[in-house]
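The values are calculated or read from the model by the stated rules, or taken from the named source; none is laboratory data. In this text, all values refer to a predicted model and were calculated from it rather than measured experimentally. Using ideal geometry, Cβ is built from the backbone for each residue, glycine included, and neighbour counts are taken over all protein chains shown.
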Amino acid sequence: MEEKVKKVKRKFSEEFRKEAVELAKKVGNSQAARDLGLNESQIRQWKNKLNTSNVLVEGKSYSDLEKENKRLSKELYYLKEINKVLKKSTAIFSVDQLGDLK
């Protein structure tokens, strides 16, 4: 009977992952993986995870962008409601004006 060899799952710190991604940006995923003794797919996964969790757009984090999106959605709803009222009032005033012309 052959003995099964248990694979030990290696754990990497967040700092190591960030540095690995930075290295991959400079030398490419393949080269960075070879240099660090990792699988190239691991570098890609870390890259994707860091890109989605630490998105910075004009200095804003993902959570800041979510908050702003929620605020803007509320503002848009409010403005659409005002627009509906204005359309109705314009229609009412137009009928009054047209009625005087007859």
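Quick notes on this one:
- If you go through segment 1-29 and keep only what is surrounded by 10 or more Cβ atoms within 10 Å (Cβ to Cβ), not acidic (Asp, Glu) and not in a loop (DSSP other than H, G, I, E, B), you end up with 16, 17, 18, 20, 21, 23, 24, 25, 27, 29.
- Evaluated against (1) surrounded by 12 or more Cβ atoms within 10 Å (Cβ to Cβ); (2) modelled with pLDDT under 85; (3) of a type outside the set (S, T, N, Q), residue 44 falls short on exactly one condition, (2).
- Taking first residues from segment 65-81 that are at positive phi and partners that are loosely packed, with under 10 Cβ neighbours inside 10 Å and of a type in the set (Lys, Arg), no Cβ contact under 7 Å between residues at least 6 apart in sequence or on separate chains turns up.
- Take the conditions (1) at pLDDT 90 or above; (2) charged (D, E, K, R); (3) loosely packed, with under 10 Cβ neighbours inside 10 Å; residue 35 misses just one of them, which is (3).
- Subset of segment 1-13 (residues that are at pLDDT below 85 and under 30 Å from the mean Cα position of the chain (by Cα)): 9, 10
- Of the residues making up segment 47-79, those that are among the polar types (S, T, N, Q) and modelled with pLDDT under 90 are 48, 51, 52, 53, 54, 61, 63.
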